[in-house]
1. What are the ³J(HN,Hα) values, in whole Hz, obtained from phi via the Karplus relation 6.51 cos²θ - 1.76 cosθ + 1.60 with θ = phi - 60°, for each residue of region 42-47 in sequence order, with x given for Gly and Pro?
2. Which order do the peptides 15-28, 33-46 come out in when sorted by mean C-beta neighbours inside 10 angstrom, highest first?
3. At 25 °C and 0.890 mPa s, grab the translational diffusion coefficient of region 4-48 from Stokes-Einstein with a Kirkwood Rh over Cα pairs, rounded to a whole number in µm² per second.
4. What is the dipole size for region 4-48, taken about its Cα centre, with +1 at each Lys and Arg Cβ and -1 at each Asp and Glu Cβ, in debye to the nearest 20?
5. R45: net charge of surrounding residues, Cβ under 9 Å, Lys/Arg +1, Asp/Glu -1, itself excluded?
6. Can you compute 3J(HN,Hα) from phi for each residue in region 33-41, using the Karplus curve 6.51 cos²θ - 1.76 cosθ + 1.60 with θ = phi - 60°, rounded to whole Hz and x for Gly and Pro?
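We did not get these values from a lab; they are worked out from the coordinates using the rules stated. Treat the numbers as computed from the prediction; the structure is a model and nothing was measured. Every residue, glycine as well, gets a Cβ built from its backbone with ideal geometry; the counts of neighbours run over all protein chains shown.
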Amino acid sequence: MSAVGLCPECEFAFPAGDLAVGETLACPECGLTLQIVEKTSAGIRLEMIETELPDWGE
Ligand SMILES: [Zn+2]
């Protein structure tokens, strides 16, 4: 069995695969930006994060 993480909004199942805690990703279904907050043998836990645009000018 492969670990997955569910989108809190639409429950799209992400394969946990190579993902690491702290990584962010965008849900292909609902477009939310999610961060991996926890990784266990059962799967990963995703939380929506604020999509503040970074200051690219730096
Ligand atoms: Zn989603």
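1. With the stated coefficients, region 42-47 comes to 7, x, 10, 10, 10, 10 Hz.
2. On the way: 15-28: 12.3, 33-46: 15.7.
Packing order, densest peptide first, comes out as 33-46, 15-28.
3. Numbers: Rh = 10.1 Å.
This corresponds to a translational diffusion coefficient of 244 µm²/s.
4. Working: 2 positive and 7 negative charges, 22 e Å.
The calculation lands at about 100 debye.
5. Net local charge, R45 excluded: -1.
6. With the stated coefficients, region 33-41 comes to 8, 10, 10, 7, 9, 7, 9, 10, 5 Hz.
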